[in-house]
Amino acid sequence: MERCDIIKLYYQQRSIKKTWRKLRARYGPHYRPREQTIRNAVTRFESEFTLLDSPRTNRVRNAENVEAVRQRVQDNSKFSARRRSQQLNLTSGSVCTHTKSTGSRTKAQ
């Protein structure tokens, strides 16, 4: 509802600064949106005619990456997740996730 309020106030005031000042009465001095947030909301509304967020891309586990991590763990379980991530060119978080999904343990655990 905050974005809708911002847009309504902006079109009444026709100024980012005036809109920001008016929002103080509703949200208080410390919890109101920043001027940049107001500017972004107005720009997005004028260009895309929406106040909704863009859809997020959900990453799907790559079966090849899971298999590569599983194979590395079987070959040598003494390497850390950081070392494996460097070898496989994956993030260490991905390596940890894939390692846990295979039921294996990393060196640090």
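So here's what we get for this one:
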item	result
Any chance Phe79 is in contact with a helix residue (DSSP H, G or I) (Cβ under 8 Å, 6 or more places away or on another chain) and either within 30 Å of Leu9 (Cβ to Cβ) or loosely packed, with under 12 Cβ neighbours inside 10 Å (or both)	no
Residue match in the stretch 9-27 (condition: modelled with pLDDT under 90, over 22 Å from the mean Cα position of the chain (by Cα) and surrounded by 15 or more Cβ atoms within 10 Å (Cβ to Cβ))	no
In the stretch 15-51, the residues that are assigned to a loop (DSSP other than H, G, I, E, B) and among the basic types (Lys, Arg)	Arg32, Arg34
Neighbours by Cβ (under 6 Å, 6+ apart or cross-chain): first from the stretch 31-42, small (Gly, Ala, Ser); second not in a loop (DSSP other than H, G, I, E, B)	Ala41/Arg3; Ala41/Ile6
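The values are calculated or read from the model by the stated rules, or taken from the named source; none is laboratory data. Model, not experiment: these values are computed from the prediction. Cβ atoms come from the backbone with ideal geometry, glycine included; neighbour counts cover every protein chain shown.
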